[in-house]
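Below is one structure, written out as structure tokens, with a few remarks after it.
The values are calculated or read from the model by the stated rules, or taken from the named source; none is laboratory data. Source: prediction; values computed, not measured. Methodologically, a virtual Cβ is constructed for each residue, glycine included, from the backbone with ideal geometry; neighbour enumeration extends over all protein chains shown. Remember, those area values only see protein heavy atoms, side chains included, never the ligands or the DNA or RNA. Shrake-Rupley method; radii C 1.70, N 1.55, O 1.52, S 1.80 Å.
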Amino acid sequence: MPGSFASADRTPEGLDLEYLRLVVGEAFDGTYPADAGAVKLRLGEDYRGLRLPSFIGNTDGVFPVDRSTAKIIVASDTGRLEILPFVLLDHKGRPYSDDYVFLNPLERIDCLNEAASEVRRSTKGALRAIKRLVLDAAKAPMLRDFFRLGEKPNTYLLSETLVQRLREAGSTNLYLTEAPLHP
């Protein structure tokens, strides 16, 4: 059932397969289109939403946020991070907003405590899914406010401090799951 917030269920347009850099945290290093209107993200037919949220939910694992939310995140301890503008299209493909950017955190930190987490691996041993994420407490000093899980880079992690700042600012449509620290 569609919620009250807009959501996207399509791959960003204008990047071809380069959009995968946004999924795993690889730098564009100047190859992202200079024309902000060249990259577009279309809202899903079933998720038109009644209002635009701070974070656009999506099925691709990218991190699209409005510019005010991006400012809060960028002001935090993020390490290397790309801020990449795009045009948000409505479900019919018409321009809807140019107030959004993709955040592409390039910082990856290996901090999974696999023994305490619930993970699923492929038959070849690749990490496929994390049902319950527990972080290695020994890695806590190196954790930032916003980064990617090194073992599964399409997983974004936000510190409690950053989450509190986002809540205080009234950020919307962020669905978070706690990832406790474990020795």
Quiz item: What relative contact order, as a whole-number percentage, does the chain give when Cα pairs under 8 Å and 6 or more residues apart are counted?
Solution: 22
Self-check item: Environment charge at Leu162 (Cβ cut-off 15 Å; Lys +1, Arg +1, Asp -1, Glu -1)
Solution: -1
Quiz item: If you place +1 on the Cβ of every Lys and Arg, -1 on the Cβ of every Asp and Glu, and leave all else neutral, what size is the dipole of the chain about its Cα centre, to the nearest 20 Debye?
Solution: 380
Quiz item: Which cross-chain or sequence-distant (5 or more) residues have an amide H under 5 Å from the amide H of Val87, H modelled 1.01 Å from N in plane?
Solution: Val39, Lys40, Leu41
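Pull out the extension gain between Ala126 and Ala34, defined as 0.36 nm times the separation in residues minus the alpha carbon to alpha carbon distance; nm, one decimal.
Net length gain for the segment: 29.5 nm.
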Quiz prompt | Within region 70-164: Cβ-based charge dipole about Cα centre, in debye rounded to nearest 20 (Lys, Arg +1; Asp, Glu -1) | solution = 500
Practice problem: Please calculate how many Å² of accessible area the chain carries per residue, with a 1.4 Å probe and no DNA, RNA or ligand atoms counted. | Solution: 55
Self-check item: Phi-based couplings in Hz for region 169-181 (Karplus 6.51, -1.76, 1.60; Gly and Pro marked x)
Solution: 7, x, 4, 10, 6, 9, 9, 10, 10, 5, 10, x, 8
Quiz item: Excluding same-chain residues fewer than 8 positions from Lys40, which lysines have a Cα within less than 17 Å of its Cα?
Solution: Lys92
Quiz prompt | Estimated vicinal HN-Hα couplings, Hz - region 81-94 in sequence order (Karplus 6.51, -1.76, 1.60; Gly, Pro = x) | solution = 8, 9, 10, 10, x, 8, 9, 8, 9, 6, 5, 9, x, 8
Quiz item: Roughly to the nearest percent, how much of the accessible area of the chain is carbon and sulfur, given a 1.4 Å probe?
Solution: 49
Quiz prompt | From phi via Karplus (6.51, -1.76, 1.60), per-residue ³J(HN,Hα) for region 19-30 in Hz, x at Gly/Pro | solution = 4, 4, 4, 5, 6, 10, x, 9, 5, 7, 6, x
Quiz prompt | Stokes-Einstein diffusion coefficient of region 142-183, Kirkwood radius over Cα pairs, 25 °C, 0.890 mPa s, in µm²/s | solution = 214
Practice problem: Quickly estimate the mean residue ellipticity at 222 nm for the chain, helices only: each DSSP H run with n ≥ 4 gives -39500 (n - 2.57), and the total goes over all residues, rounded to 500. | Solution: -3000 deg cm²/dmol
Quiz item: Comparing Ala36, Ala70, Ala129, which has the greatest mean-square fluctuation in the GNM of the chain with Cα pairs linked when under 10 Å apart?
Solution: Ala129
Quiz item: Calculated from the structure, Rg and Dmax of the Cα atoms in Å equals which of (1) 16.6, 50; (2) 38.2, 114; (3) 15.0, 45?
Solution: (1)
Practice problem: For Lys152, go through the lysines and keep the ones whose alpha-carbon is under 20 Å away, minus same-chain ones fewer than eight residues off. | Solution: Lys124, Lys131, Lys139
